[in-house]
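Taking it in order: structure first as structure tokens, then the write-up.
The values are calculated or read from the model by the stated rules, or taken from the named source; none is laboratory data. The shown structure was predicted, so the numbers you read here are calculated from the model rather than taken from an experiment. So basically every Cβ, Gly included, is an ideal-geometry build from the backbone, and we count neighbours across all protein chains shown.
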Amino acid sequence: MQQLIECVPNFSEGNDLNIIKQITNEIESVDGVKLLNVDPGKATNRTVVTFVGNPNAVVEAAFKAIKKAGELIDMSKHKGAHPRMGATDVCPLIPIANISMEETAQYAKILAQKVGEDLSIPVYLYEAAQENKNRSNLSIIRAGEYEGFSKKILMPEWKPDFGPAVFDIKRGATVIGARDFLVAYNINLNTTSTRRANAVAFDIREAGRTKKENGKVVKDDSGNPITIPGSLKCVKAIGWFIEEYGIAQISINLTNINVTPVHIAFDEACKKANERGLRVTGSEIVGLIPLKAMLDAGKYFLLKQQRSIGVSEKELIKIAIKSMGLDELCSFKPEERIIEYLLNEDKKKKLVDFNLNDFADETASESPAPGGGSIAAYVGSLGISLATMVANLSSHKQGWDDRWEEFSNWADKGQQLKNELLKLVDEDTLAFNQIMSAYSLPKSNEDEKLIRTKAIQDATKYAIEVPFKVMELSFQSMEIILKMAEIGNPNSISDAGVGALCARTAVMGAFMNVKINLKDFNDKIFRNDLINKGKLIEENTIALENDILKIVERHLISE
């Protein structure tokens, strides 16, 4: 499986788009990398670039970008709100797929050594790439910034890890390392005061603030300053004024969004700002954010409203954007800011992206795919969608306010099943195409015949497993459909009934596809086992359908 590393270099130029483009051109010139995002900031005079690729390609692209930045950016003339120490201020590598943090750190060291030796730029390692934990924190390395580095770099304890221990007036110094995924996040305040913004930042950041009494720093018995921790873990934050927007912001780095998610940081900042007579008016993501972070935020704010979280992915993202004011300063386009959406390499339009007319036309065409398997998966998704609709209607039914969470949980389960079944619509067609590709392999000699036979059997097994998964998921949906028939909004009882019919059709239709592909599969034990399991699912599905339809019929008008 392909190894993927993300690289997020920060360049000390946020105004001259020509310079930024020349730097990103260097990145895009390397095969094996994909440029995901370029986020310039005028007030910070800084651009955050995000790209991904295989490790060697990422190292090459980062090196070329650092070299070009050093040629084009003059740090002696640089001014900006963000702390900085070099033309390429910081260049982290982040493990994304099939690679460990330890391996990623080794690639960071390779890049750092190459930059230090080939470009003669002072380089410091940080985070996972730095063995000396006294200088692994970025803020400690960068303390004093560019203006203070002419003296700092001469100190023995601050000798660069690579490159000359000489202050580079034009290019400054660079920090290279490996770290976990970090979300750069700014929260907007209704003030122009950097001091007030800093006060809120100190309230929430993990490092907190230095304890003072009567204006003097309080020290412990060892003479070290005593600190008062902030309220949030894995959070770094400072306050600054952004002239471009005319407001102060809390600039936050969320170093572990599993510990402190974006929505918790936002809410805590709102709370602390309010305590100081300030208001949070919105926020902005710098660079990219994982899909899960947006979905978790959407669910969080819906739960605060006591509304069902069993809504679509698109709706959850919309709620997250509006709740945190991510579109206050500029538009927030999910397709450009969510990393999973940008990593999707499939340029071909999926069946589930077709409108209803086009989907029907494609099914009716002379092409054999989409066929019965894809249709079974889609019908199954419609069945559970109807049950999810009943759950959502019940969650918001007047007079049932004390039951909103019960129905929200059912709707959330339904959404998960719906999403899985929709994926299988395209996967079933993909499975069919893989069988066709296997049959088209050459068979002119014994070796080719063996390869072809194995490919056909592998593809056939995949084409069996996909519709069997449709059976399992559609059967699982029956639990929710039955529950909605029993306890859901009685005005929607017929919808539960139609959902049951769809789920039964999906199970039986998918089973047909399982059986037709099993006849070409050589493993008799696997074949017999799957037939027995399929029969059991089919029988139980029909029994549940009968139970559901009996409940539904009791609520319908008699003939």
Tell me which residues, restricted to the range 128-150, are closer than 10 Å to Val175 by Cα and either part of a strand (DSSP E or B) or of a type in the set (Lys, Arg) (or both). Arg142
When residues of the range 21-41 are filtered for being touching a strand residue (DSSP E or B) at 6+ places or on another chain (Cβ under 8 Å) and either surrounded by fewer than 18 Cβ atoms within 10 Å (Cβ to Cβ) or farther than 11 Å from Lys64 by Cβ (or both), how many remain? 10
Taking the range 204-219 and keeping only residues that are closer than 14 Å to Lys272 by Cβ and either touching an Asp or Glu at 6+ places or on another chain (Cβ under 8 Å) or assigned to a strand (DSSP E or B) (or both), one is left with Ile204, Arg209
Out of (1) under 20 Å from the mean Cα position of the chain (by Cα); (2) in a helix (DSSP H, G or I); (3) surrounded by 14 or more Cβ atoms within 10 Å (Cβ to Cβ), the odd one out for Glu340 is which? (3)
When the range 77-128 is examined, which residues are found to be β-branched (Val, Ile, Thr) and within 25 Å of the chain's Cα centre (by Cα)? Val90, Ile94, Ile96, Ile99, Thr104
Given the criteria assigned to a loop (DSSP other than H, G, I, E, B), closer than 30 Å to Gly246 by Cβ and not assigned by TED's automatic domain parsing to the domain that holds Thr429, does Phe332 qualify? yes
If you go through the range 62-108 one residue at a time, how many are within 30 Å of Phe241 (Cβ to Cβ) and among the hydroxyl-bearing types (Ser, Thr, Tyr)? 2
Need the failing condition index for Pro442 against (1) crowded, with 17+ Cβ neighbours inside 10 Å; (2) without any contact (Cβ under 8 Å) to a residue 24 or more places away in the chain, just the number. (1)
Filter pass, Gly310 being within 30 Å of Ile480 (Cα to Cα), in contact (Cβ under 8 Å) with a residue 40 or more places away in the chain, among the small types (Gly, Ala, Ser) and touching a Ser or Thr at 6+ places or on another chain (Cβ under 7 Å): yes
Flagged in the range 343-374 as of a type outside the set (A, V, I, L, M, F, W, C), part of a helix (DSSP H, G or I) and surrounded by 14 or more Cβ atoms within 10 Å (Cβ to Cβ), in numbering order, are Glu362, Thr363, Gly372, Gly373, Ser374
Taking the range 5-52 and the residues there that are of a type in the set (Asp, Glu) and over 23 Å from the mean Cα position of the chain (by Cα), the one that is farthest from Arg171 (Cα to Cα) would be Asp31
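Within the range 231-268, how many residues are within 21 Å of Arg195 (Cβ to Cβ), outside any strand (DSSP E or B) and in contact with a helix residue (DSSP H, G or I) (Cβ under 6 Å, 6 or more places away or on another chain)?
Residues meeting the conditions: 3.
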Mind listing just one residue for me: the one in the range 129-151 that is farther than 16 Å from Leu182 by Cβ and aliphatic (A, V, I, L, M) and, of those, surrounded by the most Cβ atoms within 10 Å (Cβ to Cβ)? Ala143
